[in-house]
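For reference, the structure is listed below as structure tokens.
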Amino acid sequence: MKIQQLHSHLNGHEWLLVHEPRTWKEIERIVRAIDAEQFKTKVSQEKRMRGKLLYAPKQLNARFKADFKDAGWKESRTSYWVTDDLAELWVEPKQWRTLKKSEYFRN
């Protein structure tokens, strides 16, 4: 599989190129190793494309997950909010994990 286009969320791609070039090379290697044609197994039911083979997204995503896991990667998520008015948002850091999202904002 090849990387056709990029969406660099918060300039993440540029950051990787500058600060973690080996990490970016590993990502490229893992993606290139996947034979996308193996995953053209979904048969379209759409009126204008009936019978056409499409990529099966669930199976393709599972392959990505497995290949990245085999390379030692694991999923990590960070939640955050963006605001231009810091007066609206103030919670003591020690309380962050115990509050519901709706409680983070003062009324």
Practice task
Would you kindly derive the ³J(HN,Hα) couplings of the range 13-26 from the backbone phi angles with the Karplus curve 6.51 cos²θ - 1.76 cosθ + 1.60 (θ = phi - 60°), listing them in order in whole Hz, with x for Gly and Pro?
Solution key: 5, 4, 4, 4, 4, 7, 9, 9, x, 5, 5, 5, 4, 5
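Looking at this model, which pairs from LYS42/LYS69; LYS25/LYS58; LYS40/LYS74; LYS25/LYS69 are more than 22 angstrom apart at the alpha-carbon? Walk me through the numbers before you get to the answer.
On the way: LYS42/LYS69 25 Å; LYS25/LYS58 25 Å; LYS40/LYS74 26 Å; LYS25/LYS69 16 Å.
Too far apart for the 22 Å limit: LYS42/LYS69; LYS25/LYS58; LYS40/LYS74.
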Problem - the range 32-44 - phi-based ³J(HN,Hα) in whole Hz, Karplus 6.51/-1.76/1.60, Gly and Pro as x - result: 5, 6, 8, 8, 4, 4, 4, 9, 8, 10, 7, 8, 5
Completion exercise
Listed by chain and number, the residues whose amide H is under 5 Å from that of LYS42, excluding neighbours fewer than 5 places away on the same chain and using placed H, are LEU54, ALA56
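Only the coordinates and a few stated rules stand behind these numbers; no lab work does. Everything numeric in this text was worked out from a predicted model, so none of it was measured.
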